[in-house]
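Working notes, structure below.
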Amino acid sequence: MTPVPFDPAVLTLLAITDDLRDGVTGLAARAAAAARGGATMIQVRLKDAGARTMTEAARAVIAAVAAATPRVPVLVNDRVDVALASGAAGVHLGFDDLPVAAARRLAPPGFIVGSSVGEVAEIPGAREADYVGIGPVYRTATKADAGSAIGPAGFSELAALVPLPAVGVGGITAENAAPVLAAGARGVAVVRAVFGAADVEAAARALRARIEAARA
């Protein structure tokens, strides 16, 4: 079977998980709510979880999201092994993770590979990815080693050097997403703006509406 080509439309709103404060079941329910609200991709990111727990969580999220809306791919952050073991649609890799080229050799056809880019020196390692996440666009407390905010102008400069669809990441909310999209982003990736909200579905819906309005 010929693999389905990567569709950049899934980059419109990437909702990245935060933690397991409500357990695996709670996280899966919040992921499903994000998908119902308009998230076009879910990334399972659990920095403090071991491989076993992360695999369990990823499988639960994949099942919950598929039940909510089967068109939303679920990726695993950082861990190619967990992504493959859980049956995820792909993986998103940082500069210090397994190289994108190595992930390609391990993964089956059609497996989505995203890569983080925060400076020019990180661009060569991302060239075999399907898309890049560029940032932090704004100041963020979600990722301690994210570096200084580059702003929409910095995003635009880096995106122009990468021949791949790019999403903005870092401190993005419904209120400040428009300048990132105007700078050339295919979409935005968020953690707190969706998964940190009291009503995840409503938060995703509001952010998706801002994105669509900015594109109109």
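Descriptive notes on the structure:
- Qualifying residue in the range 141-151 (condition: closer than 17 Å to PRO165 by Cα and either modelled with pLDDT under 95 or of a type in the set (A, V, I, L, M, F, W, C) (or both)): no
- Residue match in the range 38-55 (condition: in contact (Cβ under 8 Å) with a residue 40 or more places away in the chain, buried (at least 24 other Cβ atoms within 10 Å of the Cβ) and either more than 24 Å from ARG104 (Cβ to Cβ) or of a type in the set (Asp, Glu) (or both)): yes
- Exclusive hit being free of Cβ contacts under 8 Å to residues at least 24 places away in the same chain, on the phi > 0 side of the Ramachandran plot and surrounded by fewer than 19 Cβ atoms within 10 Å (Cβ to Cβ), set GLY184, GLY151: GLY151
- The range 86-97, residues that are surrounded by 17 or more Cβ atoms within 10 Å (Cβ to Cβ) and either of a type outside the set (Gly, Ala, Ser) or out of contact with any strand residue (DSSP E or B) (no Cβ under 6 Å at 6 or more places or on another chain) (or both): SER86, VAL91, HIS92, LEU93, ASP97
- Which numbered condition THR25 misses (of (1) touching a strand residue (DSSP E or B) at 6+ places or on another chain (Cβ under 8 Å); (2) at pLDDT 95 or above): (1)
- Within the range 96-112, residues that are farther than 21 Å from PRO73 by Cβ have Cβ atoms under 7 Å from residues that are surrounded by 14 or more Cβ atoms within 10 Å (Cβ to Cβ) in these pairs: PRO99/GLY125; ALA101/GLU128, counting only partners at least 6 apart in sequence or on another chain.
- VAL91 vs. criteria farther than 25 Å from ALA209 by Cα and in a strand (DSSP E or B): yes
- Residue check, THR69 under 24 Å from ILE123 (Cα atoms) and either in contact with a helix residue (DSSP H, G or I) (Cβ under 7 Å, 6 or more places away or on another chain) or surrounded by 16 or more Cβ atoms within 10 Å (Cβ to Cβ) (or both): no
- The one condition in (1) among the charged types (D, E, K, R); (2) surrounded by fewer than 20 Cβ atoms within 10 Å (Cβ to Cβ); (3) out of contact with any Leu (no Cβ under 8 Å at 6 or more places or on another chain) that ARG127 fails to fulfil: (3)
- When the criteria are applied in full, VAL200 fails the requirement of being buried (at least 22 other Cβ atoms within 10 Å of the Cβ), within 15 Å of LEU11 (Cα to Cα) and modelled with pLDDT of 95 or more.
- Hits in the range 147-172 (condition: farther than 23 Å from ILE112 by Cβ and either β-branched (Val, Ile, Thr) or in a helix (DSSP H, G or I) (or both)): ILE150, GLY151, PRO152, ALA153, GLY154, SER156, GLU157
- So ALA29, is it surrounded by fewer than 21 Cβ atoms within 10 Å (Cβ to Cβ) and farther than 30 Å from ALA213 by Cβ: no
The values are calculated or read from the model by the stated rules, or taken from the named source; none is laboratory data. Worth saying up front: this structure is predicted, and the values here are computed from it rather than measured. Positions of Cβ are backbone-derived with ideal geometry, glycine not excepted, and every protein chain shown enters the neighbour counts.
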